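Engineer: This is the structure I have questions about; it appears just below.
The values are calculated or read from the model by the stated rules, or taken from the named source; none is laboratory data. What you see is a predicted model; the values in this text were computed from it and never measured. Glycine gets a Cβ as well: all are built from the backbone with ideal geometry, and neighbour counts include every protein chain shown. For the accessible areas, the whole protein counts, side chains as well, though only heavy atoms, and no ligand, DNA or RNA atoms are used. Shrake-Rupley method; radii C 1.70, N 1.55, O 1.52, S 1.80 Å.
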Amino acid sequence: MRSRRHASHEGEDTGIDLAPMLDFVFNLLIFFLITTSFVREAGITVVRPEATTALPEQTGNILVALRPNGEIWMDRRQVDMREVRPTIERLHLERPEDTVIVIADKAAKAGLLAQVMDEIKLGGIKEVAVGATSAAGQ
Amino acid sequence: MLDFVLNLLIFFIITAVFVKEVGLRVERHGGGATGAAGGKSAGSISIVVKADGEVIVDNRVVDVRAVRANVERLHAQKPEWGAMVTASQEAETGLLVQVIDQVRLGGVQNVSVGTSSK
C-alpha cells in the first residue's frame, strides 16, 4: 500500500504543467508582433546633421538612409535609386498613414537627397522629412 | 520567469514608443535637373547653397550663422513669403540642413528644397 501510494504520488509529479509555457509563447508572439510592425529601419548608421528646430515625427515609420558614397538603404538592405519608388509604393499600401524620413549623412550630396525625395513623392507619400538630431543643450 | 518575460515585453513596448525619429518637414520644389514638383506662385525668400559651401541669401553671400538674421529681416518685410532653398547637386546635406534649420529659427516655417545643376 505504501509503495502504491508512492507510485501514485510520483505519477502526479511527472505530469507537466503546460500553462506557463503557453503564457511564455504567447508573450513571445505578442512581442514579435509589436516589434516587427513598428519602424522600418534603414539598416545602417549615418552621421545625422544637427538641427535645433527638428521635431519628432510621430508617423515617420519608414526610414531611408543615404550614405556619403551615394548608397541608399531602406528596409535593412541597400537599394538602387530605381527601387526606391516601388518599395515606397509597397510600404505605402501596407500602412498608408506612415510618412518617410530621409536620413542623409552630413556628407551626402544634396542632389541625391532631392532625387530620393522626388522618388518618394512619386511613390505616393507626400510628407517627407529630412532626418536630423536635436542639437544638444538647446 | 513569466514575470520576467512580461517585464521584458513592457520594456520593449515602452522603448519602441520612445525611439522616435526627429526630422525637419520640408517641401520640395522643382528646379534644375529634377523638375518633378511645381513651385508655388507666391513669392519666396531665395537662398542658394553652393557646392563649395557658400550660402547666398537675397543675392548676397553670407555666413551660415548670418542666415538667421537675414531671414528674420526678410520675414519682417514679407511675412507671407516662404523660403526656397536651392542647393547645388554637389552641396553637402549637413550644410543644407543647417541652412534649413537657420531659416526656421528665423521664423519662416514653410521651407521648400530644390536643387540646381550648378
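Engineer: Take segment B:1-39 and flag every residue that is farther than 27 Å from B:ASP63 by Cα, part of a loop (DSSP other than H, G, I, E, B) and either in contact with a strand residue (DSSP E or B) (Cβ under 8 Å, 6 or more places away or on another chain) or modelled with pLDDT of 75 or more (or both).
Structural biologist: Those that are farther than 27 Å from B:ASP63 by Cα, part of a loop (DSSP other than H, G, I, E, B) and either in contact with a strand residue (DSSP E or B) (Cβ under 8 Å, 6 or more places away or on another chain) or modelled with pLDDT of 75 or more (or both): B:LYS20, B:GLU21, B:ALA36, B:ALA37.
To keep it simple, each residue is scored yes or no on (1) open to solvent by less than 80 Å² (accessible area, probe 1.4 Å); (2) modelled with pLDDT of 90 or more; (3) out of contact with any Pro (no Cβ under 8 Å at 6 or more places or on another chain).
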residue: A:MET21; (1), (2), (3): no, no, yes
residue: A:LEU28; (1), (2), (3): yes, no, yes
residue: A:MET81; (1), (2), (3): yes, yes, yes
residue: A:VAL84; (1), (2), (3): yes, yes, yes
residue: A:LEU93; (1), (2), (3): no, yes, yes
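Engineer: Further, regarding this structure: State all residues of segment A:49-86 that are at positive phi and among the small types (Gly, Ala, Ser); if no residue qualifies, say none. Let's see the steps before the verdict.
Structural biologist: Within segment A:49-86, the subset at positive phi is A:70, A:75-76.
A:GLY70, the sole residue that qualifies.
Engineer: Since B:VAL103 meets every condition but one in (1) under 18 Å from A:ILE103 (Cβ atoms); (2) crowded, with 24+ Cβ neighbours inside 10 Å; (3) modelled with pLDDT of 90 or more, which condition does it not meet?
Structural biologist: The number of the failed condition is (1).
Engineer: I would also like to ask the following. Tell me whether segment B:44-51 contains one or more residues that are more than 10 Å from chain A (Cβ to nearest Cβ) and touching a helix residue (DSSP H, G or I) at 6+ places or on another chain (Cβ under 7 Å). Write out each step before concluding.
Structural biologist: Of the residues in segment B:44-51, the ones more than 10 Å from chain A (Cβ to nearest Cβ) are B:44-48, B:50.
Adding the requirement that they be touching a helix residue (DSSP H, G or I) at 6+ places or on another chain (Cβ under 7 Å) leaves B:45, B:47.
Within segment B:44-51, one or more residues are more than 10 Å from chain A (Cβ to nearest Cβ) and touching a helix residue (DSSP H, G or I) at 6+ places or on another chain (Cβ under 7 Å).
Engineer: Another question, then. If you go through segment A:44-67, how many residues are more than 19 Å from A:GLY123 (Cα to Cα), open to solvent by less than 50 Å² (accessible area, probe 1.4 Å) and more than 10 Å from chain B (Cβ to nearest Cβ)?
Structural biologist: Final tally of qualifying residues: 1.
Engineer: Does A:ASP75 satisfy being surrounded by fewer than 19 Cβ atoms within 10 Å (Cβ to Cβ), free of Cβ contacts under 8 Å to residues at least 24 places away in the same chain, acidic (Asp, Glu) and in contact with a strand residue (DSSP E or B) (Cβ under 9 Å, 6 or more places away or on another chain)?
Structural biologist: On the way: surrounded by fewer than 19 Cβ atoms within 10 Å (Cβ to Cβ): yes; free of Cβ contacts under 8 Å to residues at least 24 places away in the same chain: no; acidic (Asp, Glu): yes; in contact with a strand residue (DSSP E or B) (Cβ under 9 Å, 6 or more places away or on another chain): yes.
Taking the combined requirement at face value, the residue does not satisfy it.
Engineer: Also: Just give me the residues in segment B:90-105 being free of Cβ contacts under 8 Å to residues at least 60 places away in the same chain and closer than 16 Å to B:ARG28 by Cβ, in sequence order. Outline the logic, then answer.
Structural biologist: First, the residues of segment B:90-105 that are free of Cβ contacts under 8 Å to residues at least 60 places away in the same chain: B:90-96, B:98-99, B:102-103, B:105.
B:ALA91, B:THR93, B:LEU96, B:VAL99, B:VAL103 - these are the residues of segment B:90-105 that are free of Cβ contacts under 8 Å to residues at least 60 places away in the same chain and closer than 16 Å to B:ARG28 by Cβ.
Engineer: Considering every residue within segment B:58-69, establish whether at least one is touching a residue at least 60 places away in the same chain (Cβ under 8 Å), open to solvent by less than 10 Å² (accessible area, probe 1.4 Å) and not hydroxyl-bearing (Ser, Thr, Tyr).
Structural biologist: Within segment B:58-69, the first condition is being touching a residue at least 60 places away in the same chain (Cβ under 8 Å), and the residues that meet it are none.
Within segment B:58-69, not a single residue is touching a residue at least 60 places away in the same chain (Cβ under 8 Å), open to solvent by less than 10 Å² (accessible area, probe 1.4 Å) and not hydroxyl-bearing (Ser, Thr, Tyr).
Engineer: So which residues in segment A:107-126 are over 12 Å from A:VAL64 (Cβ atoms), open to solvent by 10 Å² or more (accessible area, probe 1.4 Å) and free of Cβ contacts under 8 Å to residues at least 60 places away in the same chain? Before the answer, list the steps.
Structural biologist: Restricting attention to segment A:107-126, the residues satisfying the condition of being over 12 Å from A:VAL64 (Cβ atoms) are A:107, A:109-111, A:114, A:118, A:121-122, A:124, A:126.
So of that shortlist, the ones also open to solvent by 10 Å² or more (accessible area, probe 1.4 Å) come out as A:107, A:109, A:118, A:121-122, A:124, A:126.
The answer is A:LYS109, A:ASP118, A:LYS121, A:LEU122, A:GLY124, A:LYS126.
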